[in-house]
Amino acid sequence: MKTLVITGASKGIGFATAKTFCDAGYRVINFSRSAAPDDRIENHSIDLTTEDAESNLNEVLDQSLESGEIKLVHNAASSTNDSVKDADTQALKHMINLNVIAPHMLNRALIKKMQPGSAIIYIGSTLSEKAVANTYSYVTSKHAIVGMMRATCQDLAGTGIHTACICPGFTDTEMLREHVGHDPKILSSIASASTFNRLVTPEEIADSILFAAENPVINGAIIHANLGQVEV
Ligand SMILES: NC(=O)c1ccc[n+]([C@@H]2O[C@H](COP(=O)([O-])OP(=O)(O)OC[C@H]3O[C@@H](n4cnc5c(N)ncnc54)[C@H](OP(=O)(O)O)[C@@H]3O)[C@@H](O)[C@H]2O)c1
């Protein structure tokens, strides 16, 4: 059976992705602190930033997953508003642990089990290829994800495993709403920055992830899924 292993499927883009893969006939294994509210999803409660995260991941995956066609989606992340002028070192390390080191730990645990047809999909951001002010740590971590994806493509040449980085635009999730302080005016202004004058839905990103995961012609690619951004 085809399997999706995903991080951060308790809500937002991750939850939509987990449901989309369930509907497509996949077994779905999720790692996040809280559970995804859908009985079809196998939840494992893990804080991916802790010292014992790697051993916990390995223990679960060794016990519950055989070799096969595995799609691995690195989705869990956090964001914050900070600047090169004031970013706290520990906070940056914490974000790198979740947004960059956790994908590395899962790659180590799973590549050995991945048969041809498997895929590793990284979730980047519009801020994987550009920066805006006061998103220093997040921009740094999301650029790192692109480097990791490109290195993954090169190192896995000939294995039949492909990789891509899906970069969502402003998507209607808790992360975005918290980021703008739940201010409807800011949300509306953000929506108007898309050429469709609306936010992306989590389901649209989920469909993009499924497409990339099932089509190896998309290998080493960065795909922007943002409805087109209005340039000023
Ligand atoms: N929303 C946007 O506009 C947007 C735009 C560009 C890129 N993205 C990217 O899309 C991805 C999903 O974002 P989202 O908006 O869906 O975010 P979200 O709604 O905040 O969900 C984040 C997920 O990450 C999990 N998570 C957070 N900290 C964790 C930890 N320490 N250990 C384990 N899991 C943890 C959360 O689960 P628990 O809280 O249960 O642990 C949750 O399931 C992220 O990579 C984000 O950078 C989002």
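The values are calculated or read from the model by the stated rules, or taken from the named source; none is laboratory data. Given the structure is predicted, the values throughout are model-derived calculations rather than measurements. Please note: Cβ atoms are built from the backbone with ideal geometry, for glycine as well, and neighbour counts cover all protein chains shown. When the accessible area is computed, the model is the full protein with side chains, heavy atoms only, and any ligands, DNA or RNA have been set aside. Shrake-Rupley method; radii C 1.70, N 1.55, O 1.52, S 1.80 Å.
Within the range 161-192, take every residue that is part of a loop (DSSP other than H, G, I, E, B) and open to solvent by less than 40 Å² (accessible area, probe 1.4 Å) and give me the one that is modelled with the lowest pLDDT. That would be Val180.
Residue-by-condition table, conditions (1) within 16 Å of the ligand (Cβ to nearest atom); (2) touching a His at 6+ places or on another chain (Cβ under 9 Å); (3) on the phi > 0 side of the Ramachandran plot:
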{"position": "Leu110", "(1), (2), (3)": "no, no, no"}
{"position": "Lys113", "(1), (2), (3)": "no, no, no"}
{"position": "Ile121", "(1), (2), (3)": "yes, yes, no"}
{"position": "Thr126", "(1), (2), (3)": "yes, yes, no"}
{"position": "Ala131", "(1), (2), (3)": "yes, yes, no"}
{"position": "Cys153", "(1), (2), (3)": "no, yes, no"}
{"position": "Glu174", "(1), (2), (3)": "yes, no, no"}
{"position": "His179", "(1), (2), (3)": "yes, no, no"}
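Residues considered: Ala76, Ala87. Of these, the only one that is under 19 Å from Ala109 (Cβ atoms) and in contact with a Phe, Trp or Tyr (Cβ under 8 Å, 6 or more places away or on another chain) is Ala76. When each of Asp23, Asp38, Asp47 is tested for being more than 13 Å from the chain's Cα centre (by Cα) and away from the ligand (no atom under 13 Å from the Cβ), the lone residue that passes is Asp23. Considering Ser64, Ser32, the condition of being within 13 Å of the ligand (Cβ to nearest atom) and among the hydroxyl-bearing types (Ser, Thr, Tyr) is satisfied by Ser32 alone. Evaluation of Asp62 against the conditions (1) assigned to a helix (DSSP H, G or I); (2) surrounded by 19 or more Cβ atoms within 10 Å (Cβ to Cβ); (3) not aliphatic (A, V, I, L, M) shows that the sole unmet condition is (2).
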